[in-house]
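The values are calculated or read from the model by the stated rules, or taken from the named source; none is laboratory data. Small disclaimer: the values here were computed from a predicted structure and weren't measured. Every residue, glycine as well, gets a Cβ built from its backbone with ideal geometry; the counts of neighbours run over all protein chains shown.
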Amino acid sequence: MSELHPSQVHLYLLMRDRAKIASYLCLGSAIFALAAAVDLNQKAVKPWLLTGATAALIGGINLRKSAKQLGDSLGDIEIASKHNFAVWVKAKTLPTAQLAVTVGSIDVNWQPENLITDPVNYIQQKQKHVALIGGTGDGKSTFTQYLSSKIGGQVVVYDSDAKPDDWSWIPQENVIGRKGNFAAIHEGMGNDLQQLAELVELRGDKGDKVLVGRERFLIAEEFPILVDECDNAPVWLKKHAKRGRRYKQFILAIAQNDTAENFGLAGDKDTLYSCFCLVRLGQFAYEQARRLKDPKLEQWLKAGGKKRFMVDDFPCELDLSNWGITPDALLPATDEETPPKIDLNEYEQFIVDWGKSHPGEILKARILLQASRLFDRMTPDDIRIIFASLADRSLGAVEGTGDRLGWKWTQ
């Protein structure tokens with residue numbers, strides 16, 4: 001049985017089934033002929049029909065015997081069929097060599113061809129504002145601080161959920177809306193609109209020189225909430241989007257979704273994409289890579305953590321080593337001139353004091369987090385930004401790049 005080919009099994013099955021059917025037909029014919037052969041009314045028998053009934057009966061009995069013999073020779077036909085079919089399939093599908101499945105590994109050296117290494121330069125060339133999209137812990141404050149330090153201007157923040165230690169790198173009177181004070185945000189944005197209108201008038205009379213010293217970097221945190229709570233928010237964003245850059249009024253609106261509705265621009269998606277560079281951090285950057293159908297890019301973004309993100313449709317890597325010290329900052333003060341007094345916040349002061357007490361030693365973010373609870377709420381990237389900011393002002397120098405960036409005191 002196990003040696004039968006499935007086609008042979010099929011043939012035997014067919015013969016058995018036909019024998020069964022033929023036996024039933026013969027037996028049925030025999031019964032019909034027998035009934036027709038006997039005429040009860042005339043009490044007579046038709047011999048020829050009786051002969052036919054007898055022959056059909058004998059043929060049916062023989063066919064039943066043949067079907068039984070086939071069944072006995074094959075055993076359980078259903079089991080035989082399944083067994084032989086399984087044997088045949090196994091024989092036909094048995095591989096001649098082991099099947100090797102190759103899973104593509106991530107090439108750690110792969111770099112996107114259209115990589116942006118200087119997001120500020122990209123944004124400045126586009127002459128656009130920034131819509132920053134990111135979740136909690138994606139590095140929004142890191143990017144915001146970096147961008148504001150490069151673009152310049154007086155920094156003003158509208159944040160209804162700001163904690164006491166949030167935005168510690170700017171004067172605290174410039175953080176508006178703490179504890180859900182939407183009335184203050186509404187008023188502040190109204191003042192911004194009035195100031196923008198005044199700048200339009202002044203520039204029209206006296207030219208660009210009136211803008212000197214009036215540059216501002218305006219930040220709106222969780223903009224969807226501001227849209228719901230402050231009537232001035234949608235108008236504030238739209239008017240600055242259209243005219244702000246021309247009058248040195250840069251805005252950065254932060255949200256956790258990149259829809260036009262979240263930026264108070266329902267039905268006006270064109271304004272969002274024509275006036276803003278969309279910077280997507282974390283999961284939002286990964287989703288953008290998936291929309292671009294680029295799995296390599298998605299893996300590259302994930303491998304770089306907070307340093308890698310998307311600016312519009314382009315991948316970007318923010319390297320803190322790009323924060324070089326300007327040549328003017330390196331010039332030592334002479335006896336004839338008094339170096340300008342530099343105001344330091346408590347975080348910067350602690351770092352400078354540590355550097356002075358540990359001359360020549362390189363301070364890393366990890367060491368600083370262990371040295372003082374003052375920095376408990378900061379991420380290592382936030383601390384490295386402070387290092388670079390101090391170096392920019394000729395207060396010490398940075399060494400290394402990326403995660404290995406450190407700071408040391410120099411005189």
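Among the residues of region 265-287, just one is within 24 Å of Gly402 (Cα to Cα) and polar (S, T, N, Q), namely Gln283.
Every residue, every condition in (1) among the aliphatic types (A, V, I, L, M); (2) over 22 Å from Met310 (Cα atoms); (3) crowded, with 23+ Cβ neighbours inside 10 Å, yes or no:
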residue: Gly213; (1), (2), (3): no, yes, no
residue: Ala220; (1), (2), (3): yes, no, yes
residue: Asp228; (1), (2), (3): no, yes, no
residue: Asn232; (1), (2), (3): no, yes, no
residue: His240; (1), (2), (3): no, yes, yes
residue: Arg246; (1), (2), (3): no, yes, no
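For region 154-169, a residue qualifies if it is modelled with pLDDT of 90 or more, of a type outside the set (Val, Ile, Thr) and either in a strand (DSSP E or B) or touching a Phe, Trp or Tyr at 6+ places or on another chain (Cβ under 8 Å) (or both), and the qualifying residues are Gln154, Tyr158, Asp159, Ser160. If we keep just the residues of region 185-209 that are more than 16 Å from Arg243 (Cα to Cα) and more than 40 Å from the chain's Cα centre (by Cα), which is surrounded by the most Cβ atoms within 10 Å (Cβ to Cβ)? So, considering only residues that are more than 16 Å from Arg243 (Cα to Cα) and more than 40 Å from the chain's Cα centre (by Cα), the one surrounded by the most Cβ atoms within 10 Å (Cβ to Cβ) is Lys206. The numbered conditions (1) within 25 Å of Tyr146 (Cα to Cα); (2) surrounded by fewer than 16 Cβ atoms within 10 Å (Cβ to Cβ); (3) under 29 Å from the mean Cα position of the chain (by Cα); (4) of a type in the set (Asp, Glu) are all true for Asp258 except (2). Scanning region 170-193 for residues that are more than 16 Å from Gly153 (Cβ to Cβ) and in a loop (DSSP other than H, G, I, E, B) yields a count of 2. Strands (runs of 3 or more DSSP E) fully within region 197-311 that include at least 1 residues being of a type in the set (D, E, K, R) and under 23 Å from Ser160 (Cα atoms): 216-220, 276-280. Looking across region 388-411, just one residue is under 30 Å from the mean Cα position of the chain (by Cα) and under 15 Å from Glu348 (Cβ atoms), and that is Ala388. In the set Leu252, Leu292, Leu278, only one residue is assigned by TED's automatic domain parsing to the domain that holds Leu202, within 23 Å of the chain's Cα centre (by Cα) and closer than 14 Å to Asp192 by Cβ; that residue is Leu252. Regarding region 121-137, can at least one residue be identified that is more than 24 Å from Ser274 (Cα to Cα) and touching a residue at least 12 places away in the same chain (Cβ under 8 Å)? Yes, region 121-137 contains a residue that is more than 24 Å from Ser274 (Cα to Cα) and touching a residue at least 12 places away in the same chain (Cβ under 8 Å). Taking region 362-377 as the range and being under 32 Å from the mean Cα position of the chain (by Cα), in contact (Cβ under 8 Å) with a residue 24 or more places away in the chain and part of a loop (DSSP other than H, G, I, E, B) as the test, the residues that pass are Lys364, Arg377.
Cβ separations smaller than 9 Å between residues 6+ apart or across chains give the following pairs from region 206-222 residues that are at positive phi to residues that are part of a loop (DSSP other than H, G, I, E, B) and surrounded by fewer than 16 Cβ atoms within 10 Å (Cβ to Cβ): Glu222/Asp161.
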